[in-house]
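What follows is one structure encoded as structure tokens, with my remarks underneath.
Bear in mind these aren't lab numbers, they're just calculated from the coordinates by the rules spelled out. The model shown is predicted, which means the values in this text are computed figures rather than measured ones. With ideal geometry, Cβ positions are generated from the backbone for all residues, glycine too; neighbour counts draw on all protein chains shown.
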Amino acid sequence: MDVNAVKVRGLRRMKAISLGLLAAAALLFAVASSLEGRHPGWAYLAAFAEAAMIGAIADWFAVVALFRHPLGLPIPHTAIVPANKARIGANLASFICSNFLSTPQVLEKLRHFDPAGRLADWLAAPGHADQVGAYLKAAMRYGLDALDDDRVSRFIRATVLTRLEQLDVSHLAGQVLDVLTAQGRHQALLDEVLQQVASLIEDEAVQAKIAAVIAGEVRYLRYLGLDNLAGQVATGKIVAGVGRVIGEMGKDPAHPLRLRFDEYVAGFIEKLRQDPALRLRGEQIRDETLAHPALTDYLRGLWHELLAWLQSDLGREDSSVARRISAAARTLGSKLQADATMREWINNQVLQAAPEWIERYREDIRRYIVSRVEAWNTRELTDELERNIGRDLQFVRINGTLVGGLVGLGIHALTQWLRG
């Protein structure tokens, strides 16, 4: 059943009751007034009924004046709600923002709310992590359906290519190398390379190959049977020499080979940044690569393959993507439950960020409420308010009738008592 219809039916019933009490008071007044001379009790009933009618009419006027002009008469200070719609909206917005959205109040609620703890408990509860996976799976499927469009792929491809066409390859390479060589990182790379070379030539199989190559080159010693011996001796010297160089460079940061390596790297980085020829060559390589049809076909194929794989996976009940999302959500919940320090950090981050967001959006909420109330149709606003609070206001009329009658009865009794 329609909620508004129920409210309207209840309002009509209460109006009928209030009007019935007024009619009953009027009938009682008429009867009591006509019979007042026959018995003193009728005077008391007449006083009760008269005061009840006055109270009922006064409260009827007050209730009706909230929403419209009583009897259609343009009496001042009536139709209060329609006449003050804008002020009501502003006051309502100020009341909500001041009493529900003030920064201290919201922060206090957040402290007691414990966002991190609630998130951890919710994710760790059975089935909730699967819900996260299902929701994100549905969202991803929707997004993939929207992206699987030639217009989107053309836009993405054009955007990517445009950005790549603006790329200064030479300068970027210089920046990357500068970062990689900062604080002597390239020296560690040099050490690693040398260690790998030393490890390689210390291998017996490699040494045997080196010895065989050397023996093959010294053919004149073959007749004396010394070719293999010469290869072994030479190989031993090579291994010893490499080991000695590595040892010297490891002990001496200012070793000449290290310094030469530093100079070469620094010079190469500077050339990448400043040399017009290198920059021009980098641009040529970039443009040739981007203009090659194979790149376009590769990007298009890669895009479609990625979408097809994701669509296929997300379309299955046992989607590996959804399963991984659910597992990650479950793990996150368990980790947060077990880590009080992390929960405290998350809560602190929320509390630190909240004031800015509260201040930022509180005025937006205020303006929204004001504009929304102003945009309401006056008649619709009045009808809506009356539907929601009009039934309760009819109790004002009922109480006014009964209380007014009792007050009138009391006044009449007091008057009679004072007269003796």
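Key figures
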| quantity | calculated |
| --- | --- |
| Pair residue 128, residue 359: separation of 7 Å Cα→Cβ label points (nm) | 3.3 nm |
| Calculated FRET value between residue 341 and residue 367, using beta carbons and R₀ = 51 Å, to 0.05 | 0.80 |
| Additional length obtainable on full extension of the chain from residue 151 to residue 103, 0.36 nm per residue less Cα span | 12.7 nm |
